[in-house]
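Working notes, beginning with the structure itself.
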Amino acid sequence: MPNEYRSLVTVANPRSPISEAYRALRTNIQFSSIDRSLHSLLVTSTSPEEGKSTVLANLAVTFAEAGSQVILVDADLRRPSLHVLFGLSNQVGLTTAVLDDGGALPIQDTPVPNLRLLTSGPLPPNPAELLGSQRMDRIIEGLRAMADYVLFDSPPIVAVTDAAVLGRRLDGVLLVVDAGKTKRDHARRAKALLEKVNAHLLGVVLNNAELDLSLYQYYAEQ
């Protein structure tokens, strides 16, 4: 298996307890939207290196494996990584689509059936302004029409305003926190920032939590 897929446990080891946890997360998201339409979702974190992009990519795989048409969008226009995870080119992407208003979106197929990726494209000097533009609104609407779920990556919300700018335009937001790293005051700050812009916070994903070995043994025997 190529090195870039090692972070995609849902592809590399779909029978593992971690993969099952991602499927449980997918189910929880679907149930959370019974009374409210949820087709676009933002994933962010409180600070760098908390695993938000890996969480998002694995979550997207589970939606695609369930038969939904999924488009991943790398809206982290400061430190994009989704093209690396899927081994795809980043010469064109979201930023070039914004500049080419009305042009075809440069969405790429991934090795996962039903899952496509709009990479970040070249990094712009003004990410927050780009994400808050009317052209970005039109891109979001176009993406909604092309897939069952459109899942966006973004920079950490405490660090920069990008996630707040984009999150209020989407149906829901997931906040990723690291079990052994995230500070409580940062998590509170992130929640307050999302509430301030009236973003719909679906919940929090606890990443890098200690694995229950008895659960692993159960799945290993299946």
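Of the residues in the stretch 103-119, none is within 18 Å of residue 167 (Cβ to Cβ), touching a Pro at 6+ places or on another chain (Cβ under 9 Å), of a type in the set (Ser, Thr, Tyr) and modelled with pLDDT of 95 or more. Tell me, which residue of the stretch 168-201 that is in contact with a helix residue (DSSP H, G or I) (Cβ under 9 Å, 6 or more places away or on another chain) and part of a helix (DSSP H, G or I) is surrounded by the most Cβ atoms within 10 Å (Cβ to Cβ)? Taking the candidates together, the pick is 190. Considering the stretch 105-156, the residues that are more than 14 Å from residue 69 (Cα to Cα), polar (S, T, N, Q) and over 14 Å from the mean Cα position of the chain (by Cα) include one that is surrounded by the fewest Cβ atoms within 10 Å (Cβ to Cβ), namely 134. A single member of 94, 99, 88 is touching a residue at least 40 places away in the same chain (Cβ under 8 Å) and of a type in the set (A, V, I, L, M, F, W, C), and it is 94.
Please determine, by comparing only the residues of the stretch 69-101 that are among the aliphatic types (A, V, I, L, M) and surrounded by fewer than 16 Cβ atoms within 10 Å (Cβ to Cβ), which one is nearest to residue 44 (Cα to Cα). By that ranking, first place goes to 84. Hey, could you check the stretch 25-68 for residues that are among the acidic types (Asp, Glu) and more than 21 Å from residue 166 (Cβ to Cβ) and say which is surrounded by the most Cβ atoms within 10 Å (Cβ to Cβ)? Across the stretch 25-68, the extreme among qualifying residues is 65.
Give the stretch 22-39 a look and list any residue that's hydroxyl-bearing (Ser, Thr, Tyr) and in contact with a helix residue (DSSP H, G or I) (Cβ under 6 Å, 6 or more places away or on another chain), or say none. Result: 22, single match. The set of residues in the stretch 120-154 that are part of a strand (DSSP E or B) and of a type in the set (Ser, Thr, Tyr) contains only 149.
The residues of the stretch 155-165 that are within 17 Å of residue 55 (Cβ to Cβ) and part of a helix (DSSP H, G or I) amount to a single one, 163. Within this structure, residue 122 fails the test of being closer than 20 Å to residue 144 by Cα and at pLDDT 95 or above.
The values are calculated or read from the model by the stated rules, or taken from the named source; none is laboratory data. Bear in mind that the values here come from a model prediction, so they are computed numbers and not experimental data. No Cβ is skipped: glycine too gets one built from the backbone with ideal geometry, and neighbour counts run over all protein chains shown.
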